[in-house]
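Peer 1: Following this message is one structure expressed as structure tokens.
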């Protein structure tokens, strides 16, 4: 049985950053800046080909990524859901609400079962790193740095979930 959220809970979540909205807004800002250079750019992936053909646009496009917040949206998620990355915070959440232990266990098990979860970060990191090394373009370099950070954060989530499950198994 699900209970409706209390007014304080609703107020709390309204004050939290919505990372999906932030990511969408950042992506749209990058695409708007890119389309000022070429209407043929329809997706972020199109920027790769455009940059390879027009390396002189590197500074403009790197700045678009930087100014849009695209490279830092991960910070919002880390702030909003810090418990996913820190065992002490995860344990504190359960201490505050012991009834949440079952959903925490489900979250941890699902995360560990998703063997492909971090793979997209690895693929993007490898691709952007190769492009950065081959071309020397800074847009590709900052993209590789972003995906390196996302790989690290994913590993932290997995390690935290694994540690929580190991500890909670010993407490049941």
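The values are calculated or read from the model by the stated rules, or taken from the named source; none is laboratory data. What you are looking at is a predicted structure, and each value in this text was computed from that prediction instead of being measured. No Cβ is skipped: glycine too gets one built from the backbone with ideal geometry, and neighbour counts run over all protein chains shown.
Peer 1: Going through the stretch 49-81 one residue at a time, which ones are crowded, with 16+ Cβ neighbours inside 10 Å and under 14 Å from residue 28 (Cα atoms)?
Peer 2: 61, 64, 65, 68, 69, 70, 71, 73, listed by residue number.
Peer 1: Is at least one residue of the stretch 151-169 within 30 Å of residue 57 (Cα to Cα), assigned to a helix (DSSP H, G or I) and out of contact with any strand residue (DSSP E or B) (no Cβ under 8 Å at 6 or more places or on another chain)? Before the answer, list the steps.
Peer 2: Going residue by residue through the stretch 151-169, those that are within 30 Å of residue 57 (Cα to Cα) are 151-152.
With the extra rule that they be assigned to a helix (DSSP H, G or I), the set shrinks to 151-152.
Subset that is out of contact with any strand residue (DSSP E or B) (no Cβ under 8 Å at 6 or more places or on another chain): 151-152.
Within the stretch 151-169, one or more residues are within 30 Å of residue 57 (Cα to Cα), assigned to a helix (DSSP H, G or I) and out of contact with any strand residue (DSSP E or B) (no Cβ under 8 Å at 6 or more places or on another chain).
Peer 1: Filter the stretch 57-111 down to residues that are part of a helix (DSSP H, G or I) and closer than 18 Å to residue 22 by Cβ, then give me how many there are. Explain how you work it out, then say what you get.
Peer 2: Initial filter on the stretch 57-111 (part of a helix (DSSP H, G or I)): 57-68, 70-80, 82-84, 87-96, 98-111.
Keeping just the survivors that are closer than 18 Å to residue 22 by Cβ gives 64-68, 70-80, 82, 84.
So the answer is 18.
Let's see how each residue does on (1) over 26 Å from residue 64 (Cα atoms); (2) within 15 Å of the chain's Cα centre (by Cα); (3) in the same structural domain as residue 66 (by TED's automatic domain parsing):
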{"position": "85", "(1), (2), (3)": "yes, yes, no"}
{"position": "95", "(1), (2), (3)": "yes, no, no"}
{"position": "101", "(1), (2), (3)": "yes, no, no"}
{"position": "117", "(1), (2), (3)": "yes, yes, no"}
{"position": "127", "(1), (2), (3)": "no, no, no"}
{"position": "140", "(1), (2), (3)": "no, no, no"}
{"position": "146", "(1), (2), (3)": "no, yes, no"}
{"position": "156", "(1), (2), (3)": "yes, yes, no"}
{"position": "161", "(1), (2), (3)": "yes, no, no"}
